Amino acid sequence: MADETNDKVHEAFDAVRRDLDERLGVEERAAVERLRDAAVDGDAARAREELAAVRERHGWLYEELVKHPSLAAVIDELALWGF
């Protein structure tokens, strides 16, 4: 993954953590980190699996992730790259 895209992924997930950190438990934090790692690695299949797991286990967190403006912009960009 290009450095610029990698930086954007990190920035987006940092923003998510800043905005949601006080609401995240240990399991939710770990789920966000696994999703971030998959996105940084450019592993679309793993990212989809992680997002599906978040949706299944932490519905509120899934809703927050998909509507978060920073993360939504990165997801759109990654989609253009075939993510």
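The values are calculated or read from the model by the stated rules, or taken from the named source; none is laboratory data. On a predicted model such as this, the values are computed, not experimentally measured, just so you know. Cβ sites come from the backbone with ideal geometry, for glycine too, and all protein chains shown count toward neighbours. The area values use the complete protein model at the heavy-atom level, side chains included, leaving out ligands, DNA and RNA. Shrake-Rupley method; radii C 1.70, N 1.55, O 1.52, S 1.80 Å.
Tabulated data for the structure shown
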{"read-out": "Per-residue HN-Hα couplings for the range 8-15 [Karplus 6.51, -1.76, 1.60; θ = phi - 60°; Hz; x = Gly/Pro]", "value": "5, 4, 4, 4, 5, 6, 4, 5"}
{"read-out": "Value of [θ]222 nm, deg cm²/dmol, for the chain, DSSP H segments ≥ 4, -39500 (n - 2.57) each, nearest 500", "value": "-26500 deg cm²/dmol"}
{"read-out": "For the range 59-70, 3J(HN,Hα) per residue [Karplus equation, 6.51 cos²θ - 1.76 cosθ + 1.60, θ = phi - 60°, Hz, x = Gly/Pro]", "value": "x, 4, 5, 4, 4, 5, 5, 6, 9, 5, x, 5"}
{"read-out": "Selection from V74, V54, L20, by position along the positive dipole direction of the chain (Cβ)", "value": "V54"}
{"read-out": "Of all accessible heavy-atom area on the chain, the percent that carbon and sulfur account for (1.4 Å)", "value": "47 percent"}
{"read-out": "Option label - volume of the Cα convex hull per residue in Å³ computed here, alternatives (i) 104; (ii) 75; (iii) 160", "value": "(ii)"}
{"read-out": "Accessible area expressed per residue, the chain, with surrounding protein chains retained (probe 1.4 Å, Å²)", "value": "60 Å²"}
{"read-out": "Unit charges on C-beta of K, R, D, E only; dipole of the chain, Debye", "value": "260 debye"}
